[in-house]
1. Karplus couplings for region A:61-67 from phi (6.51 cos²θ - 1.76 cosθ + 1.60, θ = phi - 60°), rounded to Hz, Gly and Pro as x?
2. Per DSSP H run of at least 4 residues, take -39500 (n - 2.57); add these up for chain A, divide by its residues and hand me the 222 nm value, nearest 500 deg cm²/dmol.
3. State, to one decimal in nm, how far the label point of residue B:105 lies from the label point of residue B:21, with both points 7 Å from Cα in the Cβ direction.
4. Which percent, nearest 5, of DSSP beta bridges in the protein assembly as shown are antiparallel?
5. Per residue, how much space in cubic angstrom lies within the convex hull of the C-alpha atoms of region B:106-190?
6. Beyond 29 Å between alpha-carbons counts as too far, so tell me which of A:49/A:96; A:28/A:187; A:73/A:122 fall in that bin.
7. Going by amide H atoms built from the backbone, whose H comes under 5 Å of the H on residue A:207, apart from near neighbours?
8. Check residue B:267: other-chain or 5+ apart residues with amide H under 5 Å from its amide H, H built from backbone geometry?
Amino acid sequence: MAESNPARTALRVVDVDKYFGSVCALKKVNFEVGRNEIVGLLGDNGAGKSTLVKILTGVFPPTSGEIYIADKKVDTSSYTVKSAHALGIETVYQDKSLGEKQSLWRNFFIGRELTYPLGFLKVREQKRIANEIMVNTIGFRGRGISVESRASKLSGGERQGVAIGRAMHFEKDLIILDEPTVALSLKEVRRVLEFVHKIKEGGKACIYISHNIVDVYEIADRFVVIDRGEIVAGIDRGKISLKELDEFLLEYSHGLRDRAGS
Amino acid sequence: MSRLLGILGRVEGLPVGVVLALLYVAFMIFAPTVFTSYRIYMSFFQTVPPMLVLAIGLTFVITAGEIDLSFPAVVALSGFVFTWCFETFGVAWPGVLLALAAGALVGWVNGFLVAMLRVPSIMVTLAAQFFWYGVTILAAGGLQIDIASVLSSPVHGIFVGRLFEVFPVQALWSLGLVVLFWFILNRHRFGQAIMFIGDNAEVARVMGIGVETTRIRLFTLNGALAAFAGLILTLELNVFYPTQGQGMLLPVMAAVFIGGTSIAGGQGALVGTFFGMYIIGSLEAGVVATGIGGYWVQLVEGLVMAASVILNIVIGDSGLSALSSTARRWAVGRR
């Protein structure tokens with residue numbers, strides 16, 4: 001597990017800029033995630049959270065800057081979603097992590113199938129492992145859901161759980177959760193937060209993107225605040241109360257705080 | 001009983017199979033002389049296979065959330081390529097390979113336009129349908145070509161011969177392809193990629209599926225299958241005619257939908273397609289044989305299609321398994 005990994009950081013980003021044409025979306029972003037750290041990435045809509053995530057996961061390259069994964073430098077020009085996967089980064093999107101009409105055992109192994117030589121699926125083995133993940137890693141019990149169930153039968157929180165369990169099974173070192181609790185009921189949000197705890201227990205790292213401060217405050221080790229394309233603060237959890245964090249963010253969203261002030 | 005229903009609930013294509021069985025029972029009652037003799041079934045085994053092969057490919061395409069309207073033209077093109085090759089060089093096997101290659105090429109072009117240039121598949125394949133019929137008619141000079149001499153070629157015996165003098169071999173070929181492609185769709189990486197792409201291409205993409213490559217392969221495969229259908233049609237009739245395949249589009253499509261494949265993509269039912277194709281392929285002869293008159297054929301066809309599709313929606317999939325769990329509760333008497 002993680003103990004054998006000598007890397008100090010799961011991910012480090014140095015002086016990343018991103019321009020879309022002449023529009024600056026990210027400016028000199030420096031950011032890191034320790035190898036067993038949960039980082040809450042906070043910021044208002046349009047602050048640059050999703051741009052940063054897309055760069056981290058290889059959807060598009062940064063205009064300039066460096067990315068290190070497990071302390072090793074990545075060639076950003078040839079960095080793609082596939083290479084991000086190969087390097088141990090997986091993103092769990094709110095709405096596009098599971099094939100709705102497909103059974104859970106297919107959803108667990110899609111893109112990473114266990115196959116016989118000609119590409120035929122090892123169905124029994126996949127089902128067995130999927131069942132193990134469901135019971136042991138993400139703790140689905142009873143509730144009439146099995147590996148044969150279609151993803152559409154799951155609640156929103158359970159879907160996040162499946163996607164998180166899948167990422168953990170494939171030994172991803174860094175799991176990025178993109179607004180995982182949007183549109184979920186309070187009970188479902190609890191479940192997702194439990195899943196995130198399992199990431200921490202499993203010795204992995206996580207970037208938790210949200211604008212719901214309450215959720216983030218509960219689970220993150222550190223908060224990184226991004227505003228208008230710049231990282232404006234990195235605060236350890238122990239050094240700020242939920243109320244202070246809330247007020248701090250409000251000042252930014254109201255444009256009250258000058259950036260030089262942080 | 002409850003266990004039986006539980007098992008039945010999981011059997012793919014069962015509602016359609018029941019419709020097919022009921023249909024044959026009805027025909028046996030109303031046209032006993034025709035439908036209690038083996039001859040009518042041998043005739044179905046001769047006429048249905050080319051359409052069944054087409055329906056296999058179309059099931060894949062629809063499962064992937066795409067459509068292909070060009071396969072009738074491939075039936076004509078592949079028939080022409082084979083007959084031309086056979087007439088010109090007097091050999092059959094290279095003709096078979098060339099015909100399959102021609103179909104695959106047409107499919108590849110479709111796939112390239114759909115996947116890479118992002119032209120909607122309905123437009124690409126509609127245009128392709130006209131274009132390749134046009135090419136075929138031009139190349140053939142609008143004439144049919146007789147290839148009676150193909151009867152003595154082993155290719156004829158292998159693809160459309162008669163087992164024990166009566167049983168059309170093409171029925172076995174098409175059945176074998178149904179089995180093979182069932183495994184590819186349900187038990188292979190490629191089939192799974194097709195289902196996920198039809199379900200949600202974005203999910204497939206973020207999970208590392210090569211969406212574009214898979215789409216190109218899918219259309220190429222469908223082209224090759226359509227070419228094989230054209231081949232067995234041409235060999236069976238010993239003649240190529242430039243309009244062959246016309247009129248197959250709607251019956252084949254109807255069979256796929258009757259079979260329970262979702263028009264929304266994401267799931268395909270090849271067993272259902274198999275039964276559906278035999279329903280469609282048997283209706284006309286059956287209705288005529290009952291003696292109620294040829295004018296009734298289309299009306300009955302429409303009714304049977306509607307009934308099958310409704311049956312699929314009402315008791316297919318979750319419906320039947322819900323029914324079986326209800327029955328289990330009755331049987332066991334708990335809650």
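Read-outs: derived from the displayed coordinates by stated rules, not from any lab. Bear in mind that the values here come from a model prediction, so they are computed numbers and not experimental data. Glycine also receives a Cβ, built like all others from the backbone with ideal geometry; neighbour counts cover every protein chain displayed.
1. With coefficients 6.51, -1.76 and 1.60, one gets x, x, 5, 8, x, 10, 10 Hz.
2. Working: 8 runs with 79 residues, N = 262.
Mean residue ellipticity, 222 nm, calculated: -9000 deg cm²/dmol.
3. The answer from the label model is 4.7 nm.
4. Values: 29 of 47 bridges.
Looking only at bridges with both residues in the protein assembly as shown, the antiparallel portion is about 60 percent.
5. On the way: hull volume 13.6 nm³, N = 85.
Convex hull volume per residue, Cα atoms: 160 Å³.
6. Values: A:49/A:96 18 Å; A:28/A:187 39 Å; A:73/A:122 36 Å.
Going by Cα-Cα distance, A:28/A:187; A:73/A:122 fall outside the 29 Å limit.
7. Residues meeting the criterion, in which the H sits 1.01 Å from N, are A:39, A:175, A:176, A:177.
8. The list, which skips near neighbours in sequence, is B:262.
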